[in-house]
Structures are given as C-alpha cells and as structure tokens.
Amino acid sequence: MAAPWEDVLRDPLAVREAAAVAVDAALLEGVLMRTEAEPNASDVVNFAPFTLLPSAVPRRLFQQAYAVQQDFNLLVDAISQNRQFLERTLASTIKVDDFTARLFRIHMQVLEEGLAQSVFLGINRSDYMFDCGPEGTAALKQVEINTIAASFGGLTSRTVPVHQRVLKVLGKSQEASQLLPNNPSEGLALGIAKAWQLYGSPSAVVMFLVEEVQRNIFDQRCVENELWNRNIRVIRRRFRDVFEKGSLGEGRRLYMDGQEVAVVYYREGYVPKNYDQQNWEARLLLERSRAVKCPDIATQLAGTKKVQQELSRPGTLESLLPGRAEAVARIRATFAGLYSLDMGAEGDKIAAAAIADPGRFVLKPQREGGGNNLYDEELKQVLEKIRDSPERTSYILMDKIKPQPALNYLLRAHSPLQVSECISELGIFGVYVRQGKEMVLNTAAGHLLRTKAIEHADGGVAAGVAVLDTPYLV
C-alpha cells in the first residue's frame, strides 16, 4: 500500500521544509491541544501530533468501513435495548470487574424505576486495521467499537487542509486535490442537535460532561461551535459539578445551576479513574433523568469487550438483528477472531493456546481510552498468573491483526524529525437518534485515521502514542 511520495522520504531537505510548513499550517487550521505542563490553560497551546504525509488506505476497504457503519449503529442500539442479552453476556464479567459491575447496577436500577428518557442518541466510532493476509491481500478487521466519548472528530475535521498544503509544497497538487473532505464535528453536532430538538424544550441546554484535566478541549470545541452556530446553548460541567448543583425536577427533568438540560454528551466517565463515590452518585442522577444521555448507560455497556466477543458467536447477530441478513453479513465480514476466557473447557483451551503462542493474540480488558491491551510476553505472564482464576473472565482474547507497515514522519512538539515504520487505524464515526421505537437518524458522520510507529503495540492520540493522519485512497 505505497502512497505516491516514496521519493519525498528520501529527500531530507524537502522533508525539513515540508515539516516547517506543516506545523505552521496545523497551528493556522486549529489542530491544537493544550500542553502537558498546563493541561487546563489555553494561553499556552501546541499543535496536536500528526503525520507529515497522508497515509495510503485501500479504497475498497475504506468504502467497506463506511458501508457497514449504519449496520453497526443499528446493532449497538439493539443491544442497548436488550436487557436479557446484556444480563446474560456480562454475567461472568460483573463478578470480577468492579467497574463494569457498578455500571451494570446503575443500568438495572434505572430499568427497575422505569426510563424517563424517550429520545436516545448514539455517537460511536468503529475502529479498524488492515490485516495483511498470507497472500498479501489486505482485509478490513474491526479492533473495537467505542460507544462513549469517541474523540478526535473535531481535530480530524481540520487535518485535511494541513496535508493538502504539505502536498502542494512538495509539488503534488494533483494528489492534494484527491484528499477527501471530512468533517465529523458537523455530523456529531447534527446528531446532538436532532436529539435536543426532539427533547422539545427550546430553552434547555446541551451539557458536555468533561474531565478534570482537559488537554483535548479544542477537539470538543469544534463540535460545540457547530451547536452554537445552530443557536443551541452549550455548558461544560464535571461530575463534581453535577453532584454539587445537579437536581431532578418534575418529570425527572435535569437541572444544572437552574438551567434545564436536554442532552448530556459524555466526554468523561469511560474508565474507573473517572469515578469516586460522589461521581458515581452524579452518574446515577444523570441516568435517572429525562435528559438525552450520549450514551445512556446501556449503550456504554454495549461497547464492552465482552459484548464484542459475544457478537462473534454463531447466531448472536441474527438474534439481535432479525430479518437483516445482509447487515449481519456486512458486520461479520469485519470481525477478527474473538475468544471467551470464561471458566470451563472452552476457556481453558483458548488460554492454553495463547500461553503457548502469545504472538498470535491480543489480551483485552473491559476498558476504553487506549493503552490497556496486553501483547506477547506480557500477555503470556498475565494469563499464566490468572489462568485458573475467575479473574480471567474480565478479559477477552482476540487474534492479533497484522497490517503492512509504511514509512512516514510523525510530527510531535519538541521531538526530533525522523522517519518511522508506521501502521494506521481507521475509525468511522456513526450517529443515530431514536425516539421511542422509531429510528429518526442513522448515518456515518466522517472518519478518523490515526497512525503510530510499529514499536508501540497499543494506544491512541490521547494516550500520546498515535498521531492524526489523513487517508490517501489507493
């Protein structure tokens, strides 16, 4: 999958000149993050890390990823409404994984009380790699689906003009014109705006629920600005603000500082460190409310690794999407091998296989946010330690996807300019809105390409490993 700029990589002077232009273009376009030293201050910022050159992506696989996104939207929504499926699938996990168990308890409590929420908004991102088979043919394989706080839809909206500028400077104007426009922030805002409209209170606000440390604020501001442009008022609050000032009024309407909240858009709440006891109480308050949660807690549970593994079992997709044989086939074509580590003969067998040949697999805990997966010797050591313990059921095993590396330069602030062997991961943003039982919006909302050096097994942009990229279709 070579892109047509192998010549550039062999020209150090051209690379240095292009890199200087690229950094200025990124700052000019707003491809920005706050600094590690001042993560909550916008008076000192730097460019978010990105590739010098766009990376080659097979057009066929890119189109396949887009074509299946509406199917994945329907699937996630179906899982979120299927209490029995979630109960059965997560039964072993919640015995050993406290974080998933606490989410699940809130889910059950809200169901027992009766849902106040009638409009449902999903913003997810399905991530893929291009697996290079024995014959050298690339195949699209899903890494995971993120159903909460799927990030970088904003900044990736601004990387295309940066790469167009770089290619023009390098004398490749025709190639620059072939880069696809991409604006996920507009699509994400469209979904939030639709949910806000269906909620039916024009004076109500959209609340971004944000982390204590907010380095990636500009990514969120891109979506926020799209909402302000539609005259939808946006507020930013943390869990502790909700705990201190949030309340439920008549009909379980949610109020923050006296303002009614129509939509809660989570950019926080996906890992255990996001919660203390107060934050758990705030989460319960939000889930009990009539406000549209993005995601509601059932949809967050639908994105767990255990659910991903269960979906690969024969017959599961058919039971969740009855009468949709073509959608099932499109979804199944993207699955890598996924295996259960539940206690019993099946789990014993796959654990033994992974210990014997750890290079074949990835060991995944029930966590989002990147940097959590285990590989090779570390995978082997952990599995040997927990192979006879119920703790192993808090993980799943997946076949390791093996993409073809390509050369590129990864531009990071205060880092030397050097060429790296890289692999890429393609994410497709999906947005859907359901009112009662009626799906009123279901769309693919743009894409995100992230690239990292091959020595890093795991981790995304926010984790400091991958960088933003733009696909060049070949």
Study note, to complete from the structure: Picked from the range 251-265 (must be crowded, with 18+ Cβ neighbours inside 10 Å and over 17 Å from the mean Cα position of the chain (by Cα)), the residue farthest from Leu86 (Cα to Cα) is Met256
Point to revise | strands (runs of 3 or more DSSP E) lying entirely in the range 380-438 (those with 3 or more residues that are at pLDDT 95 or above) | key: 406-411, 419-435
Study note, to complete from the structure: Subset of the range 160-176, residues out of contact with any helix residue (DSSP H, G or I) (no Cβ under 8 Å at 6 or more places or on another chain) and open to solvent by 40 Å² or more (accessible area, probe 1.4 Å), comes to Gly171, Gln174
Exercise for review: Might you check whether a residue that is farther than 17 Å from Tyr128 by Cβ and without any contact (Cβ under 8 Å) to a residue 40 or more places away in the chain occurs anywhere in the range 422-435?
Suggested key: no
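Could you list, in sequence order, all residues of the range 75-98 that are closer than 29 Å to Leu448 by Cβ and either open to solvent by 40 Å² or more (accessible area, probe 1.4 Å) or touching a His at 6+ places or on another chain (Cβ under 6 Å) (or both)?
Hits for the range 75-98 are Gln81, Asn82.
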Revision key, fill the gap. For Ser289, the lone unmet condition from (1) surrounded by 23 or more Cβ atoms within 10 Å (Cβ to Cβ); (2) within 29 Å of Gln142 (Cβ to Cβ) is (2)
Practice item. Select from the range 391-425 the residues that are among the β-branched types (Val, Ile, Thr), in contact with a Leu (Cβ under 7 Å, 6 or more places away or on another chain) and closer than 15 Å to Leu338 by Cα and list them in ascending order. Key: Thr393, Ile396
Review point. Can you name every residue in the range 398-445 that is among the small types (Gly, Ala, Ser) and either outside the structural domain of Thr137 (by the TED database) or in contact with a helix residue (DSSP H, G or I) (Cβ under 8 Å, 6 or more places away or on another chain) (or both)?
Key: Gly430, Ala444, Ala445
Revision key, fill the gap. Output for Cβ contacts, cut-off 7 Å, separation at least six or different chains, first residue small (Gly, Ala, Ser) in the range 194-210, second surrounded by fewer than 21 Cβ atoms within 10 Å (Cβ to Cβ), reads Ser201/Glu260; Ser203/Glu260; Ala204/Glu260
Exercise for review: Please find, among Ser201, Ser157, the residue that is of a type outside the set (Phe, Trp, Tyr), assigned to a helix (DSSP H, G or I) and open to solvent by 10 Å² or more (accessible area, probe 1.4 Å).
Suggested key: Ser157
Point to revise | Hey, Ile355 modelled with pLDDT under 95, of a type in the set (A, V, I, L, M) and either assigned by the TED database to the domain that holds Pro58 or open to solvent by less than 10 Å² (accessible area, probe 1.4 Å) (or both) or not | key: no
Practice item. Identify, from the list Glu268, Glu281, the residue that is open to solvent by less than 60 Å² (accessible area, probe 1.4 Å), at pLDDT 95 or above and acidic (Asp, Glu). Key: Glu268
Review point. Taking strands (runs of 3 or more DSSP E) that fall entirely within the range 256-351, which contain at least 1 residues that are under 15 Å from Leu103 (Cβ atoms) and among the charged types (D, E, K, R)?
Key: 292-294
Exercise for review: Just one of (1) in contact with a strand residue (DSSP E or B) (Cβ under 9 Å, 6 or more places away or on another chain); (2) closer than 17 Å to Leu468 by Cβ trips up Asp131, so point out which.
Suggested key: (2)
Study note, to complete from the structure: Of those in the range 439-459 that are small (Gly, Ala, Ser), open to solvent by less than 40 Å² (accessible area, probe 1.4 Å) and modelled with pLDDT under 95, the residue nearest to Cys294 (Cα to Cα) is Gly459
Exercise for review: Collect the residues in the range 99-149 that are in a helix (DSSP H, G or I) and either open to solvent by less than 30 Å² (accessible area, probe 1.4 Å) or modelled with pLDDT under 95 (or both), keeping them in residue-number order.
Suggested key: Phe99, Thr100, Ala101, Leu103, Phe104, Ile106, His107, Val110
Check your understanding: Of all residues in the range 223-248, which are under 24 Å from Thr159 (Cα atoms), in contact (Cβ under 8 Å) with a residue 40 or more places away in the chain and open to solvent by less than 10 Å² (accessible area, probe 1.4 Å)?
Key -> Val223
Study note, to complete from the structure: When every residue in the range 320-336 that is in contact (Cβ under 8 Å) with a residue 24 or more places away in the chain and open to solvent by 40 Å² or more (accessible area, probe 1.4 Å) is compared, the one farthest from Leu74 (Cα to Cα) is Ala333
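The values are calculated or read from the model by the stated rules, or taken from the named source; none is laboratory data. Nothing here was measured: the structure is a model prediction, and the numbers come from that model. Ideal geometry is used to build each Cβ from the backbone, glycine not excepted, and the neighbour counts take in all protein chains shown. The accessibility values were calculated without ligands, DNA or RNA, using every heavy atom of the protein model including side chains. Shrake-Rupley method; radii C 1.70, N 1.55, O 1.52, S 1.80 Å.
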